[in-house]
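Working notes, structure below.
The values are calculated or read from the model by the stated rules, or taken from the named source; none is laboratory data. Everything numeric in this text was worked out from a predicted model, so none of it was measured. Please note: Cβ atoms are built from the backbone with ideal geometry, for glycine as well, and neighbour counts cover all protein chains shown. We work out accessible area using only protein heavy atoms, side chains counted, and drop any ligands, DNA or RNA first. Shrake-Rupley method; radii C 1.70, N 1.55, O 1.52, S 1.80 Å.
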Amino acid sequence: MSSSPHPLAVLVGPLTFATAKGFAKLSQVKGLRALLEGALQRPGVPADTRAAVSAQLDWVDHADLPTRKNALLHVLQALRRSGLPLDELPSEPPRPSLTLGDEAPAAPPRAGPPVAAPPSAPRAPKVAKPRRAKAAKPAEDAEPAPRLMSIAPREGPLATPLGQVGWRVNPRLLGLLKKKGVHKVGDVLFLLPRVYEDRRQLKSIAQLRAGERGTVIAEVRRAEEVRGRGGRKTFRAVLGDRTGTIAATYFQTGPWLKAKFPLGQRLVVSGEVRQSSHGWEMPHPEVEPADDLQDSPIHFHRIVPVYPGFERHEQRSLRELAFKIAERFAHTIEEPLPEGLRAARGLLGLGEALKALHFPAGTEDLERLNAHQSAAHQRLAYDELFFLQLGMALRRQGVKVLPGVAFDVAAEKLTRARGLLPFVLTGAQARVVEQLTRDMARPEPMNRLLQGDVGSGKTAVALIATAVALQNGAQVAIMAPTEILAEQHARSFSKWVAPLGAKVALVTGGATAAERARTRAGLADGTLSVAVGTHALIQDGVDFAKLGLVVIDEQHRFGVIQRHALMAKGARPDVLVMTATPIPRTLAMTLYGDLDVSVIDELPPGRTPIETKVYVEKARGTAYAALQAELEKGHQAYVVYPLVEESEKVDMLDATRGAEAIRAQFPRAKVGLLHGRMKNDEKEKVMADFRERRTDVLVCTTVIEVGVDVPNASVMLIESAERFGLSQLHQLRGRVGRGAAKSWCFLITGYARSEESRARLEVMENSTDGFVIAERDLELRGPGEFLGTRQSGIPELAVANLARDQALLAQAQDDARAIVGQDQRLERPEHARLVRALEDRWEGRLKLARVG
């Protein structure tokens, strides 16, 4: 007889994901507290385990990542004592992770014998008192963090620790690499150079050009400390050759710097050339002795790499190490791609590409190298995209072969479903409904992403899918990211599905114990047909009698674990995920390659275009005058602030103080205040007052970013607009323009605007097309920031660029799907290397969730 499972076995999968690769994916995990709380309520959990884990609940979702890691280590310690098998999970603090930045590792759990008392909770980081701060200058020599490619193998010769490579590595360099998260041979080999420097021919000082990188040989003529503005000491060395002089400048000083520049010594200096009032200068250059100029095969007479995350003076020793590792180890890496595929695409071998990545041939084009478009870069970018798409293709294939719910979508059911709406569908909505119902009729589970711009009518499409499921006797779960949006959906769906005799329940964290008990009982026995809620839907104890359809609204606001947890509450239900944040085609292929995609590309009739204007601080009065004019017409307005209260070192008005300023500016207007820290009943009252026109102006934070629908609101005024991303600005703008009146969006921006923020705001002024805006947002911010893709559960991209490599992505997707189409489980012998490489890239995440 098999033993009964451990009562906390449900935690093994999520905790494995959260702690994988030294907690590198912890930032992608949301809602651990809710998950742990639910598990602790299960019968059979030992009291001491419940107490020990409960002591960490305030910290497992903490914004500070080291604090979260520390709390999870305490949780793992308590779970091990309870007998839960967690052998593969960390028991010691992780090393710093490259993907999370250069942070200190979490402190370990206290040493000593296991005891029943809970370990002490980690201390919250000390927060300084808010204060007004000057705009900080970026460090002149700041370097981006080093990034390892996701395709680095974790086994074989490349897993050799750097201290065991067979030759002596400078201990100082080893310590530096360890601090940066570079521990193994493969970490160096798969460290992507940031730029390349042309040292094939050294230039004279007169040949240098401002804004370009250059390398010259020059003699030290003067080296001294210089006192700058404010009395701050800096260091300046003047070097010269027969054609002119150039200064090496450092924004710190000390004896070690003076020792680097002995008077009269010939040095090689390399770096970015700038024109200053004193002439040519190189801030923080790389400095090397000219003695080995003729003999060095590594540093001169070639194109050399410059690595991110390392200072200029650290580049030489790192370059030497990379050269030796490339020569010794690049040929040992297993070629993962089938030979036929590599030949068909004209790709370099992986080992050859890695050597060329670090030390390109002398014939390479420098511009292509620095644009990361050389043949070596293309091979590595293809690998990143191919293995990402191969994982997606396997997810997609896995879904298609699983049995699900085959709904009856007969014409009379569809007619009745459409009849619940008080309006006629647009052509785009009707097309998407046809796609959805075709999926729902099939025996395999639907797995579809619905994209639609703000106000395009996605909720109406979800209602028709809901009505079809209800007419088949199934239950429906609808998850929204905020309580405000969940309450709005609950009101709308209650009204719409009432003719079907269906009852709708609202499931949020703010419900009383009695309300929760009634709702859970109704969902479990089937008397409640529709559950609309926040992440509270995924808590343990929320069970369904017959869950047939899951709808996830604003899906990018949820983590992988939450989506998986909701889907697991039914027997492979159909899944519809919706987003009003338009996703560029390349990013949709990357994030949702396992999903079928539908797009609503038409707005309902009667919507008026929104005019957007950008105002600098000194023109605020013009924006206020326009807002006043709209109030006098009987319309309403939103005023959005990015903060809830003054933040350390950020000199911005917050929403609370902003409401006071708006009341003073518009004394005859009734002003409401809404932010995320208010209690649920307070939020609902404020929103009800605004909906019913009892208030004229709603001052709020981005809590109203999604889903809020007040047709009489005609003005959206956004403070500190430069601090928002393009897609978020577009979402906020979509809260107006929902009635027949002309609507306005005013973007107020501060004085200290960067070129990027100016470009963002110009895009908003010139376009109302969400897909155009999304493509531009992807170009400006990159896929790592767009949509918070670090929370998507996919391998990160270090070489591939989704805005640039669209053709390469399409090729990778075609190739991956073709392979899975021929060998659904990758069981053929010729695919064994693919499987090994795939496991390295995805690290077990393929089995975590079907969606996203």
Notebook entry, point to check: Across the Cα atoms of region 374-519, what radius of gyration and what greatest pairwise Cα-Cα distance (Dmax) are found, in Å?
Noted result: 19.4, 65
Next item on the list: Set the Förster distance to 25 Å, then compute FRET efficiency between His301 and Glu335 from the Cβ-Cβ distance, nearest 0.05.
Entry: 0.20
Note to self: Under a crude label model (7 Å from the Cα following the beta-carbon direction), how far is Glu327 from Arg438 in nanometres?
What the structure shows: 6.0 nm
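With N set to the residue count of region 292-417, report its C-alpha Rg divided by 2.2 N^0.38 Å to two decimal places.
On the way: Rg = 23.7 Å, N = 126, 2.2 N^0.38 = 13.8 Å.
For region 292-417, the normalised Cα radius of gyration comes out at 1.71.
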Checklist line | Cα-projected label distance for Ala625 with Asp769, points at 7 Å along beta-carbon direction, nm | finding: 3.4 nm
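Going from most exposed to least, what order do Glu515, Glu554, Glu762 have by accessible area with a 1.4 Å probe?
Values: Glu515 80, Glu554 10, Glu762 105 Å².
Ranked from most to least accessible, the order is Glu762, Glu515, Glu554.
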Checklist line | Integer Hz, Karplus 6.51/-1.76/1.60 couplings in order for region 311-317, x for Gly and Pro | finding: 5, 4, 6, 8, 5, 4, 5
Item checked: Other-chain or far-sequence residues with amide H under 5 Å of Glu197's (modelled H) -> Val304, Val306
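I'd like to compare 206-213, 433-440, 240-247: which one has the highest average count of other Cβ atoms within 10 Å, and what's the full order after that? Write down the numbers at each step before the final one.
Working: 206-213: 13.1, 433-440: 19.0, 240-247: 16.5.
With the highest mean Cβ count within 10 Å placed first, the list reads 433-440, 240-247, 206-213.
Would you mind checking Lys613/Lys633; Lys184/Lys355; Lys503/Lys679; Lys180/Lys355; Lys203/Lys355 for any pair whose Cα atoms are more than 24 angstrom apart? Display every interim value, and only then the final one.
Working: Lys613/Lys633 20 Å; Lys184/Lys355 17 Å; Lys503/Lys679 26 Å; Lys180/Lys355 22 Å; Lys203/Lys355 26 Å.
Among Lys613/Lys633; Lys184/Lys355; Lys503/Lys679; Lys180/Lys355; Lys203/Lys355, the Cα-Cα distance tops 24 Å for Lys503/Lys679; Lys203/Lys355.
What full-extension length gain, to one decimal in nm, is calculated for Asn680 and Asp596 as 0.36 nm per residue of separation minus the Cα-Cα distance?
Details: separation 84, 0.36 × 84 = 30.24 nm, distance 3.58 nm.
So the extension gain works out to 26.7 nm.
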Next item on the list: At 1.4 Å probe size, with no ligands or nucleic acids counted, give the accessible surface of His301 in Å², nearest ten.
Entry: 100 Å²
Next item on the list: Report the label-to-label distance for Phe251 and Ala517 in nanometres (one decimal), using points 7 Å from each Cα along the Cα→Cβ vector.
Entry: 6.2 nm
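Between Glu762 and Ala206, what is the FRET efficiency for a Förster distance of 45 Å, r being their Cβ-Cβ separation, to the nearest 0.05? Walk me through the numbers on the way to the answer.
On the way: r = 39 Å, r/R0 = 0.87.
My answer for the efficiency is 0.70.
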Next item on the list: Mind checking the full-extension length gain between Ala818 and Glu692? Use 0.36 nm per residue of separation minus the Cα-Cα distance, one decimal, nm.
Entry: 39.8 nm
Notebook entry, point to check: Net charge near Leu523, counting Lys/Arg +1 and Asp/Glu -1 over other residues with Cβ under 15 Å of its Cβ?
Noted result: +2
Check: Ranked by accessible surface with a 1.4 Å probe, highest first, in what order do Val614, Val273 come?
Finding: Val614, Val273
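Sort 721-729, 276-284, 424-432, 223-231 by packing, meaning the average of other beta carbons within 10 Å per residue, with the highest value first. Write out the running numbers ahead of the final one.
Values: 721-729: 21.8, 276-284: 15.8, 424-432: 17.3, 223-231: 10.3.
Answer by packing, highest mean first, reads 721-729, 424-432, 276-284, 223-231.
Run the numbers for Val424 and Arg828: contour at 0.36 nm per residue of separation, minus the present Cα-Cα distance, in nm. Don't jump to the answer; show the numbers that get you there.
Working: separation 404, 0.36 × 404 = 145.44 nm, distance 5.19 nm.
Gain on extension, Val424 to Arg828, equals 140.3 nm.
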Margin query: Can you give me the long-range amide H partners of Val226? Hydrogens built in the peptide plane at 1.01 Å from N, cutoff under 5 Å, separation of 5 or more residues or another chain.
Written below: Thr234, Phe235, Arg236
Checklist line | Estimated vicinal HN-Hα couplings, Hz - region 484-489 in sequence order (Karplus 6.51, -1.76, 1.60; Gly, Pro = x) | finding: 4, 5, 4, 5, 5, 4
Next item on the list: List every residue whose amide H lies under 5 Å from the amide H of Ile552, counting only residues 5 or more places away in sequence or on a different chain, with H placed 1.01 Å from N in the peptide plane.
Entry: Met479, Leu576, Val577, Met578
Check: Residue by residue through region 613-623, which ³J(HN,Hα) values in whole Hz follow from phi under the Karplus form 6.51 cos²θ - 1.76 cosθ + 1.60 (θ = phi - 60°), with glycine and proline marked x?
Finding: 10, 9, 10, 6, 3, 6, 9, 3, x, 5, 5
Notebook entry, point to check: When only the heavy atoms of the protein chains count and the probe is 1.4 Å, how do Arg222, Arg236 rank by accessible area, highest first?
Noted result: Arg222, Arg236
Check: How much net charge surrounds Gly509 when only other residues with a Cβ under 12 Å from its Cβ are counted (Lys, Arg +1; Asp, Glu -1)?
Finding: 0
